[in-house]
Structure formats: C-alpha cells, structure tokens
Amino acid sequence: MSAPVLSLRGIVKSYGAARALDGVDLELRSHEVLAVIGDSGAGKSTLVGVISGNQRPDAGEIAVGGRAVTLASPAVARQHGIASVFQDLALAPNLDVVENLFLGAELTRGSFLDEVSMEKQAWELLGQLSVRVPSVRVPVGALSAAQRQAVAIARALLGEPRVIVLDEPTSALGTRQTAQFLTLLERLRERGHGVVVTSHSLVDMHAVADRIVVLRLGRVNGEFDAALATQEELLAAVTGVGAPRRGEERGGGAR
Amino acid sequence: MTTLLSHARHRVRTAQLGLAGPAAALVLVWLVFQSLNPAFLSADNLVNLTQQSAVLGVLALGVVIVLHVGQLDLSVGALSGLAAAVTAVASVQWGWSQWIAVLAAIAVGVVAGLVYGLIHARLGVPAFVFTLAGLLLLMGLQLRVLGPTGSVNVPFETWLVDLSQRAFLAPAVSWAIVAVVVAAFAGTRWYDRARRVRLDLPVEPLGLLLGRVVLLAGILAGVVAYLGTNRGVGVPFAALVGLVALTDVALRRTRWGRAIRAVGGDADAARKAGVPVRRVLVSAFVLSSTMAALGGVLATGRLAAANQGTGDVDLTLTAIAAAVIGGTSLFGGRGSAWSALLGVLIVQSIATGVLLVGGDFSVRLIVTGLVFAGAIGLDALARRARSG
C-alpha cells in the first residue's frame, strides 16, 4: 500500500479542562475517502480544525507526505497541500463567486488582478465539478446553500491540494443535494485527492467512504473498512455500547 | 435588453443602487437649489464648491476605507486638527521648513493609524469605541501644540497656502489629463474585452462599452469646460479626484483591495481563506488616518491658519455622513472610493446652497442630517434585500 499522504500521531487538544481530542492517530492515503463519524462533542470539529490549521494541537505530530509539519494557520496548511471546506464554508457573502474562489490566492498581471484569467479558470473548475451557478459574478450571499457549498469545494480544489478536508458537508443540504454532493465526493477521489470528511450521518458516510473512523469522547473508538462494516457495528462504536474496537479484538475485546 | 431593464428595476426596488443612487441625489440637490437661486449652478459658485470640497473629500475617502473593513473612525476630524496644528506651529513658530512640517503632520497620521490598527487587530475592540478615546487625546494634543494663543496664522506667500487657495490647473493641463484618463479607461476596457473574447468569456455589448467611455469623457470634458469659464479646476480638487481614482483602482483591481472587501464582508472567512487579516486591518487604519492628516494639512493651507476650531467634531460627522451618503455601506465590505467624492459634493452643495438661499448653520445641519438618515435607511434596506 502507498505511504500515507497525511498522518496524525497522538493529537491532543484541550479547551480548559475539557479534552476535545485525547491522543488521536489517523492516516489518510490519496485516492481515499476517509469518513470521521461520531456524536456531537466527539471531537470531529476539533480534529478538522487541527488538520486544517485552524486550531493548534496541544500535543502530537502531523506529517504530510511523510514530512513533519506545523500547521500554524489555514494558509500554512494550504501551502502544505491541505485545503479545507469549513462547516460555515468561510465564504465572504459580499464577494462574487470568482472573488471567493481565488480569495487569498488571486492571480495577478503585474500588480493588478487578472480578472479575466480568474474568471476563465472559475468556469472550468465549476464545469469539472458539474456545478451550476447562474453567473460567476453574483455575490455568494445570493446563492443557495448547495451552490455556496459547491463554491467552497471548488475553492478547496484550486491549488490542486493533496488533502481535502470537509467538515459536516451534508448538514445544510436537502436529500437531493446530498446525493449530488456524494457524487461530487467520488469525483474528488477519482481526481486522486485524499479526502477527510466528517459527518454525524452514518448512512451517507457508509455509502461513500472507503474507510470510517469513529470518534468517541476525543478518542478513536474504532476504524472500519466501509465495505465490510455493518451499520450496527458503526452505531455501537459511535455510542460506545457493545461492539469491540477493531484491532483490539485479539487483546481481549471491549475496553 | 428586457433582462437588463428588469435587473435595473430589481436593483432600484431593493435599494442596491451602486453609485447611480448618490449621483441621482446630487443632481436632485442641484436642481432644487438651482430652482431656489439661479446663482447656484453658476461657474463661480461651482468653482467655490469644488475648492471647499477638497479637505472634507480627503477625510471622507479615509472614512470610506475604514468603512470597507466594517469599522468607524470617530477621530478623523480631531486628527486633521492636530495635523493642521503641527503644520502651522512647526513651520511658523518652530521655524521648520514647510515641507518638513507637512511631512511631520502626515507622520502623525501614520502613527495614529498604526496605533488604531494594532489595537483593533490585536484586541478586536470596535473602532468607534477606542477612536472616541483617541478623539479626546488628539484634541488635547492639538490644544497643547497650538499653545496658549490657540491660533497660529500661516503667511500667505507660502507654497501651501498658495497651493490650497490660488493654484488652478492651466486649461491645457486639464484637457491633457482628461484626454489621458479617457484614453486609459477606454484602452484598459477594450483590452480586457478583447481578452475575454479570446477566452470565450461573456462580454458586455460593444455599445455599452462605448457608452461608458462617452459618458466618462462627457462628464470630465463638461466639468473642465464649465469650470474653465471661471477660474478652472483647482489643484486641491484635482488632487482629491486623483486620490479617489487611485484608491478606486487599489480597492477594485489589487489583491489588497480584494482583501479589504473580504475582511469587511466576513473577517473570519477571510482569515480561513488565507488573507492576512491583521495586516489588512492595520493598513486600512493607517491609510485612513494618513488621509485625515493630509486633510488637516490642506485645511491649514485653505484657512492660512490653524486654530482650536480646525477639525471640530462636526467635521468628523460630516465626513462620515458624506461617505455614507455617497453610497458606502456602514455594514462593511460594500462601497466605492467614488462615494467619497459624490458624498462630499452632495454635502457641500447642501452647505453652499443653504447659504445662498439665506438659511443659516442650523438649516444646514438639519438638511444634512435628514439626507444622512435617508442614506442610512437605504443602506439598511439594501442589506436586508441581500440577506433576505
């Protein structure tokens, strides 16, 4: 198997007395969709925050392509090839689609913005993802929730990142839009990205992920091959009732 | 064409007018005062109007930049007063060369902006709170610099006074500037359009492009020709227009301007997208304060003096009113550098118009206040239309 494109070792993050992450290990390969599921408060958002550079871990190591990195900010993470789609999408509502896509990474000619090239690339990118918007020059605030999310995902793709992190991408979507989104995820995998996606929807993730990691109370409470895991096993790991942790079976079952 | 029309109608209904709104308001104000007093639109009065607009315009431009990041600086007037005091006192009483005095005054602005910017970026306190503290501090410093007499006159035969009061562009220079600006505008528009055609992107109809060029040429030529029947285009006013144009290009066509608007729209989103939010905020405050100081320098030249009344509180309020009346949103992220110019012309037109029809300062304040309130209402309506 190929070397992991992203690996986390012993990540710890506390907020005051509360431990949001308590020694989390994680590995991600390219051409892989890794789902991180768990109950509210399991630490999903914090984990995404750490990977995206939005939050600094208190302890632990992060390596990208085998090289240890410090992800001091989302911008730094991006430079290391980790692009994130935040749950709040992090789009400026007053800027139009092109402006948001290239925000912080604008193309220039001399000291001026190269609007023409940016607009061209914007159309191409949205076309590749089969995203429909009325115009790339409407303010993002005027778009639907699904369109906004597609814009955010397109922006994540711009620098051809190795890793794409999506935080709760389906929470704001309806049924049909969720189906469209899952197709989009498969397209990302085909493009060769490593994808980390968090969700509290077991069904959605079961359908699209290659591997599923279950977080519970800030710890990894099970890692499953999505093709083999049953819904009951996943649910048990999420709630902490019953089923044993995979990989610890030999050691004597449940903790 | 019908879609264009319905689009325009939608924008009018939802108060998303861009610069067309304030431009229409300016025309309306002019028509009202012209009907009350035929001297209002005389070339002589309009030259006075442009001359009086320079100081307030530079201040309003600074306000526009800070409004773009969603903040309000309540001390721009006081800062201009301190800058005026420094300019006058340093050049007259301390015997500094006037150039150095002016540079010192502008440096005061840069430092004040740095302090404001760092406070805001580091502590996240809304600017209208700590600039209120700055207002008191700066007023105190202004009184201290002016000393016990409270007023310092600047000799008429110095370049600053000459520039502010008596310098007008030669007709040939005015026309040359008009020609260059129109050519540059048409050239860049045409070049962009050609690139878009080549890349198969949607383009505006050629007629529309031509229309824009003709409109710009018409406005510029009209202003230069009409003011030219009197004293012409004053250097301070020309400088204001140039400064506004530069700021407009910086806001719309540079990465810095994009970052400014993004921070004003959603600072957290901008940070996550990799925009250096703190640096951008500091730059906005530095620019705004520098412009306020520059306004104070121009005010010194215009009055040939600096006193305790230079940069009064009502100057700050009028500058903010002008920026908003000109169409820059109080809610951040939306507006235009040109709103400083349009807003100041509206506010100054009201000021001179009220005088011409025999009204006093009270009438001027009331009318300006009402127009300001109307602009705030439209701003709020437009915001609701966007989010709803």
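The values are calculated or read from the model by the stated rules, or taken from the named source; none is laboratory data. These figures come from a predicted structure and were not determined experimentally. All Cβ positions, glycine included, derive from the backbone under ideal geometry; neighbour counts span all protein chains shown. These area figures cover heavy atoms from the full protein model, side chains too; ligands, DNA and RNA do not enter into them. Shrake-Rupley method; radii C 1.70, N 1.55, O 1.52, S 1.80 Å.
So the values come out like this:
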quantity: Residues (outside any helix (DSSP H, G or I) and among the hydrophobic types (A, V, I, L, M, F, W, C)) located in the range B:167-221; calculated: B:Ala167, B:Phe168, B:Leu169, B:Ala170, B:Leu199, B:Leu201, B:Val203
quantity: Qualifying positions in the range B:151-176 - under 19 Å from B:Ala85 (Cβ atoms), in contact with a strand residue (DSSP E or B) (Cβ under 8 Å, 6 or more places away or on another chain) and aliphatic (A, V, I, L, M); calculated: B:Val152, B:Val154
quantity: Helices (runs of 4 or more DSSP H) wholly inside the range B:14-98 containing at least 1 residues that are open to solvent by 50 Å² or more (accessible area, probe 1.4 Å) and not charged (D, E, K, R); calculated: B:20-36, B:43-68
quantity: Qualifying residue in the range B:132-146 (condition: more than 22 Å from the chain's Cα centre (by Cα) and within 30 Å of B:Asp268 (Cα to Cα)); calculated: yes
quantity: Some residue of the range B:265-274 being crowded, with 22+ Cβ neighbours inside 10 Å and of a type in the set (D, E, K, R); calculated: yes
quantity: Selection from the range A:78-99 of residues that are more than 8 Å from every other protein chain (Cβ to nearest Cβ) and open to solvent by less than 20 Å² (accessible area, probe 1.4 Å); calculated: A:Gly81, A:Ile82, A:Ala83, A:Val85, A:Asp96, A:Val97, A:Val98
quantity: Residues that are within 14 Å of A:Asp96 (Cα to Cα) and either away from every other protein chain (no Cβ under 13 Å) or buried (at least 23 other Cβ atoms within 10 Å of the Cβ) (or both), drawn from the range B:236-260; calculated: B:Arg258, B:Ala259
quantity: Selection from the range B:346-364 of residues that are touching a residue at least 40 places away in the same chain (Cβ under 8 Å) and in a loop (DSSP other than H, G, I, E, B); calculated: B:Val357
quantity: Extreme residue, least open to solvent (accessible area, probe 1.4 Å), among residues of the range A:106-123 that are facing another protein chain (nearest Cβ under 7 Å) and assigned to a loop (DSSP other than H, G, I, E, B); calculated: A:Glu106
quantity: Matching residues in the range B:365-388 - criterion: being in a helix (DSSP H, G or I) and either touching an Asp or Glu at 6+ places or on another chain (Cβ under 6 Å) or within 14 Å of chain A (Cβ to nearest Cβ) (or both); calculated: B:Asp379, B:Ala382, B:Arg383, B:Arg384, B:Ala385, B:Arg386, B:Ser387
quantity: Identity of the residue in the range A:51-73, more than 14 Å from chain B (Cβ to nearest Cβ) and among the hydrophobic types (A, V, I, L, M, F, W, C), that ends up most open to solvent (accessible area, probe 1.4 Å); calculated: A:Ala68
